[in-house]
Structures are given as C-alpha cells and as structure tokens.
Amino acid sequence: MTPETMDTRPELADVSPAMWERIDAIIAADRGRPGATIPVLRKCQDTVGYLPQPLIGYIAVGLGLPRAEVFGVATFYSLFTLTPRGRHCVKVCEGTACYVRGIKEVIGRIRDTHQVGIGETTEDRRFSLESVRCLGACGLAPVVVVDQDTHGSVTPEKIVRILEDYA
C-alpha cells in the first residue's frame, strides 16, 4: 500500500509492524475484487485477534469502500468482534438441560474467580466468556466448551480446576 492510496496507519498498541505488513498484503490482494469485504475483515481479524474501529477505517480506505459500509459488515455478522478476545474462549451452555443442572452456579464461579461476565474478556486477555443457547451435549449437562474442548457434568468446583489448565 502506498501513502497516496491509504490513510496513515492508525496507532494501535495491539498491532505490531509484522501484523501491519500482513494487513497491507491482505488488503492489496483483494482490492477491487467484488465481495472482498468479509474475507478481508476475517483475515485481518485472524491477524490481530479482533477488529479495532480504526483498523476497520483503514481497511475501508484500502478497499476503496465507504467506511460506514465496512463498519456495517463488521458489526452485522457475529463472526466479527470489535473488542479484544481472550486467548481461550469459554462457552457456557444456558440451554434447558444445563440450566436446570446448575450452569448458573458455574457461571457465577467463573465470574467470581476470573472477574469476567458474559460477553466480556478478562483483563489479562486469558479468557473470553460467552453464553450459548445449546451445545448439543444435553446428556453431559451442564456443559462448558473451552476452545475446542468439551467438558461435561461441570460443577462450580470443577470449572476452577478446568480453567487452571488453560494458561
């Protein structure tokens, strides 16, 4: 990317020089290609871990699209996040089976132990906590998925031990 075609790179503490090189390459590879917005946003999010708003503007300029259009795509799809994510994604099932078997107490223990609520990320970015309606493992209720690992019959005591294994 050249200074004539791009805004100056925004100051973003989370984006290293190597990440900027990758972001510029992603934008350059897809500039002018119809339907490039979603793939470019996805690749840039994979690079940084999330999509800070100034980065969305930078991407829009690089693709030659209105900032509002690119921001609209980034905020419409649940695939994208505008806030930093944790190294580990903790999904707690709040479906009926998990709810009646005590997932609320498990969530409370996670909240109290790691100072994180649903939809939030811990200050040290170790965990992001998400609620889902059903994980399809009702026989294991209550269920928590950390990254790709499914944990069943989770209790408040057990979740503390489980999360200790994720550095």
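The values are calculated or read from the model by the stated rules, or taken from the named source; none is laboratory data. The structure presented is a predicted model; accordingly, all values stated were derived computationally and were not measured. Here the Cβ is made from the backbone with ideal geometry for all residues, glycine too, and neighbour counts use every protein chain on show. Surface areas here come from the heavy atoms of the whole protein model, side chains and all, with no ligands, DNA or RNA. Shrake-Rupley method; radii C 1.70, N 1.55, O 1.52, S 1.80 Å.
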field: Residue of Thr83, Thr122, Thr150 that the Gaussian network model of the chain assigns the largest fluctuation, springs spanning Cα pairs under 10 Å
entry: Thr150
- request: Specify the angular offset, from 0 to 90 degrees and rounded to the nearest 10, of the alpha carbon long axis of helix 103-114 from the longest principal axis of the alpha carbons in the chain.
  value: 60 degrees
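If I take R0 = 35 Å and measure r between the Cβ atoms of Cys134 and Thr8 in this structure, what FRET efficiency does the formula 1/(1 + (r/R0)^6) give, to the nearest 0.05? The partial results should precede the final answer.
Working: r = 46 Å, r/R0 = 1.30.
Efficiency computed from Cβ-Cβ geometry: 0.15.
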- prompt: In nanometres, what is the gap between the two model label sites at Tyr50 and Thr155, each 7 Å from Cα along Cα-to-Cβ?
  reply: 3.4 nm
- request: Determine the per residue accessible area of the stretch 17-167 with all protein chains present and a 1.4 angstrom probe, expressed in square angstrom.
  value: 52 Å²
- line: Here the cysteines of the chain without any disulfide-compatible Cβ partner under 4.7 Å are Cys44, Cys89, Cys134, Cys138
query: More than 16 Å apart: what percent of Cα pairs in the stretch 90-167 qualify?
result: 40 percent
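Distances over 15 Å make up what percent of all Cα-Cα pairs in the stretch 22-97? Walk me through the intermediate numbers first.
Values: 1542 of 2850 pairs.
So the portion of pairs separated by more than 15 Å is 54 percent.
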- prompt: So how do Asp149, Asp165, Asp112 rank on accessible area, 1.4 Å probe, biggest first, that is with the largest at the start?
  reply: Asp165, Asp112, Asp149
message: With +1 on the Cβ of every Lys and Arg and -1 on the Cβ of every Asp and Glu, and nothing else charged, how large is the dipole of the chain about its Cα centre, in debye rounded to the nearest 20?
response: 420 debye
message: Ordering Ser16, Ser78, Ser128, Ser153 by accessible area with a probe of 1.4 Å, largest first, what comes out?
response: Ser78, Ser153, Ser16, Ser128
message: Modelling each spin label as a point 7 Å along the Cα-to-Cβ direction, I'd like the Ile38/Ala167 distance in nm, to one decimal.
response: 3.8 nm
statement: Checking Leu41, Leu79, Leu129 against a Gaussian network model of the chain (alpha-carbon springs below 10 Å), the top fluctuating residue turns out to be Leu79
query: Which one, (1) 16.9, 53; (2) 15.6, 50; (3) 19.1, 59, gives Rg and Dmax of the Cα atoms in Å as derived from the coordinates shown?
result: (3)
query: Between the helical axis of 37-48 and the dominant principal axis of the chain, each derived from Cα atoms, what acute angle in degrees is found, rounded to the nearest 10?
result: 70 degrees
